[in-house]
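Written out below as structure tokens is the structure these notes cover.
The values are calculated or read from the model by the stated rules, or taken from the named source; none is laboratory data. The model shown is predicted, which means the values in this text are computed figures rather than measured ones. Note that we place each Cβ from the backbone using ideal geometry, even for glycine, and neighbour counts take in every protein chain shown. The area values use the complete protein model at the heavy-atom level, side chains included, leaving out ligands, DNA and RNA. Shrake-Rupley method; radii C 1.70, N 1.55, O 1.52, S 1.80 Å.
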Amino acid sequence: MPYITPLERFAQQAGVLTSRREDIQDILETRFGLVPSSVSDRINAIDDATELKTLLIQAVTIASLEDFETAIAPKA
């Protein structure tokens, strides 16, 4: 197994985050049309791969864009 430098590992993780963000956006646009910039900004602010995976699944299964907006709203 080849050695992966910390920089390479960071680049891989950044690529995963970017890919998941793009996938979420694509799914929402396909299902609901134009995605408000507030939703896009919130998605792009998330740096947790696990949270993005959860949102990806929700983007596929959630009933409406409004429900998705509620799901990603910052918790008070």
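Taken over the range 43-70, the criterion of being open to solvent by less than 70 Å² (accessible area, probe 1.4 Å), in a helix (DSSP H, G or I) and in contact (Cβ under 8 Å) with a residue 24 or more places away in the chain is satisfied by I43, A49, L52, L55, L56, A59, L65, F68, E69.
Every residue in the range 12-31 that is over 9 Å from the mean Cα position of the chain (by Cα) and open to solvent by 60 Å² or more (accessible area, probe 1.4 Å), please.
Here is the first cut: in the range 12-31, the ones over 9 Å from the mean Cα position of the chain (by Cα) are 12-16, 26-31.
Q12, Q13, V16, D26, E29, T30, R31, listed by residue number.
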